[in-house]
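S.K.: I'd like to ask some things about the structure below.
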Amino acid sequence: MSSHPNHPKSLLNAATRLLLERVQRAGRPPVHALTVAMARAFVDIGNPLLDLHPAPLVDRVTDLRIAARDGHTMPARLYAPQSEAPLPVLLYLHGGGFTVGSLTTHDVLCRQLSLHGQCAVLSLDYRLAPEHRFPTAVLDAWDALNWLHLQGHTLGLDSTRLAVGGDSAGGTLGAVCALMARDAGLKLALQLLFYPGCGARQDTPSHSAFSDGFMLDKDTIDWFFSHYIDEADRHDWRFAPSLAPEHSGLAPAWIGLAECDPLLDEGVRYADTLRMAGVAVDLEIYRGVIHGFITMGRAIPDALKAHADAGNALKHAFES
């Protein structure tokens, strides 16, 4: 779908180029050069430094735990504005290659989505690989969505107005949950997907064009997936939602992509797949930015536009 110039770095906007230069000067080690424990600590400490500070104020922030099917209790955090009436709610699934990321790394983003969407947001700490390989993250996300549907009213939420979303690996989980919700007859108002992974193989032109020097490089993607999934499972649609046998009847989608991102093409293709199946899709491509930009609001101002766009999509989906 997309065509890339000979020098992909010429596409970068000024803020993104400056950030990448600063990262290079700082000698930041690539994630794939670290142990899993080091990578998690590095991301938990480093990522918030690029995000808005101080964090936007939300009326209500509550930590809670949600039971998964095997009895494990998953940490979760609820963000909500003051409201007399029960609030619609977005289940948010963080990115991080199914291996890193946490409630901490996506705290600002969830606050922004709650503020702009005028809704509650439940951020989930699903279990990570390699301790918990595929399909644990999928099952955890699905269990949390069902819990919200059945128990959300106990938190003052309107569980008839549900949305699911996430970024990167969390966007994959969000797309998969939307497919599972359709199959289970659970109605969703929206699937909110920031640069989701959708394909079984990383073989698109954007994976080649942006394979090195754009923050998420090929070696890091390979590192994530080697921890998460067996080769034999890579064509399971719960890993690659583009391979689901049927995409009709899904919740409307808002898809936000970064132009200078290895995952660009598979996001565009997934939007096309959904549209061909009759699903309403709102696709936004943010120019000159890289994978991960939505949690870099201090460094890349385009993140703030993406927060507002996604929040508005939520608001409209919950009102309709």
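The values are calculated or read from the model by the stated rules, or taken from the named source; none is laboratory data. Predicted model only: the values in this text are computed from it and were never measured. Glycine gets a Cβ as well: all are built from the backbone with ideal geometry, and neighbour counts include every protein chain shown.
S.K.: Go through (1) within 12 Å of L173 (Cβ to Cβ); (2) assigned to a helix (DSSP H, G or I); (3) of a type in the set (A, V, I, L, M, F, W, C) for F134 and report which single condition fails.
M.R.: The failed condition is (2).
S.K.: Test S248 against the criterion of being more than 21 Å from A175 (Cα to Cα), out of contact with any Phe, Trp or Tyr (no Cβ under 7 Å at 6 or more places or on another chain), modelled with pLDDT of 95 or more and surrounded by fewer than 18 Cβ atoms within 10 Å (Cβ to Cβ), and give yes or no.
M.R.: For S248, the condition - more than 21 Å from A175 (Cα to Cα), out of contact with any Phe, Trp or Tyr (no Cβ under 7 Å at 6 or more places or on another chain), modelled with pLDDT of 95 or more and surrounded by fewer than 18 Cβ atoms within 10 Å (Cβ to Cβ) - is not met.
S.K.: If you check every pair at least six apart or on different chains, which have Cβ atoms under 8 Å apart with a residue in region 215-236 that is more than 30 Å from L18 (Cα to Cα) first and a residue that is β-branched (V, I, T) and buried (at least 20 other Cβ atoms within 10 Å of the Cβ) second?
M.R.: H227/T99; Y228/T99
S.K.: Within region 31-43, identify whether any single residue is closer than 27 Å to K187 by Cβ and either without any contact (Cβ under 8 Å) to a residue 60 or more places away in the chain or loosely packed, with under 13 Cβ neighbours inside 10 Å (or both), and answer yes or no.
M.R.: Checked against the condition, which is being closer than 27 Å to K187 by Cβ and either without any contact (Cβ under 8 Å) to a residue 60 or more places away in the chain or loosely packed, with under 13 Cβ neighbours inside 10 Å (or both), region 31-43 yields no hits at all.
S.K.: Here is a follow-up. Find the residue count for region 57-73, including only residues that are over 12 Å from V121 (Cβ atoms) and touching a helix residue (DSSP H, G or I) at 6+ places or on another chain (Cβ under 6 Å).
M.R.: Selection size over region 57-73: 3.
S.K.: If I filter region 154-166 down to residues being buried (at least 23 other Cβ atoms within 10 Å of the Cβ) and out of contact with any Pro (no Cβ under 8 Å at 6 or more places or on another chain), which single residue comes out as nearest to V89 (Cα to Cα)?
M.R.: My answer is V164.
S.K.: Restricting to region 67-106, count the residues that are at positive phi and either surrounded by fewer than 17 Cβ atoms within 10 Å (Cβ to Cβ) or at pLDDT below 95 (or both).
M.R.: Matching residues across region 67-106 total 1.
S.K.: Does region 184-198 include one or more residues that are within 27 Å of R40 (Cβ to Cβ) and more than 18 Å from the chain's Cα centre (by Cα)?
M.R.: Looking for residues that are within 27 Å of R40 (Cβ to Cβ) and more than 18 Å from the chain's Cα centre (by Cα), one finds none in region 184-198, hence no.
S.K.: Inspect all residues belonging to region 289-306 and state whether any of them is closer than 25 Å to L115 by Cβ, touching a residue at least 24 places away in the same chain (Cβ under 8 Å), among the charged types (D, E, K, R) and not in a strand (DSSP E or B).
M.R.: Within region 289-306, one or more residues are closer than 25 Å to L115 by Cβ, touching a residue at least 24 places away in the same chain (Cβ under 8 Å), among the charged types (D, E, K, R) and not in a strand (DSSP E or B).
S.K.: Could you list, in sequence order, the residues of region 167-197 that are out of contact with any Gly (no Cβ under 8 Å at 6 or more places or on another chain) and closer than 22 Å to G117 by Cβ?
M.R.: Across region 167-197, the qualifying residues are A175, V176, C177, A178, A181, L186, K187, L188, A189.
S.K.: Out of D107, D63, which single residue is within 26 Å of F224 (Cβ to Cβ) and within 21 Å of the chain's Cα centre (by Cα)?
M.R.: From the options D107, D63, the qualifying one is D107.
S.K.: Also, I was wondering about something else. Would you be able to tell me the number of residues in region 67-100 that are assigned to a loop (DSSP other than H, G, I, E, B) and not hydroxyl-bearing (S, T, Y)?
M.R.: Residues that pass the stated criteria total 16.
S.K.: How many residues are buried (at least 19 other Cβ atoms within 10 Å of the Cβ) and either free of Cβ contacts under 8 Å to residues at least 40 places away in the same chain or farther than 16 Å from H207 by Cα (or both) when one looks only at region 260-272?
M.R.: Qualifying residue count for the region: 1.
S.K.: Tell me which residues, restricted to region 110-131, are over 16 Å from the mean Cα position of the chain (by Cα) and assigned to a loop (DSSP other than H, G, I, E, B).
M.R.: Correct list: Q118, C119, A129, P130, E131.
S.K.: Something else now. Step by step: first the residues of region 50-66, then only those that are outside any strand (DSSP E or B) and free of Cβ contacts under 8 Å to residues at least 60 places away in the same chain, then the one that is surrounded by the fewest Cβ atoms within 10 Å (Cβ to Cβ). Which residue is that?
M.R.: Among those that are outside any strand (DSSP E or B) and free of Cβ contacts under 8 Å to residues at least 60 places away in the same chain, it is P54.
S.K.: In region 240-281, how many are at negative phi and not in a helix (DSSP H, G or I)?
M.R.: Of the residues in that region, 24 qualify.
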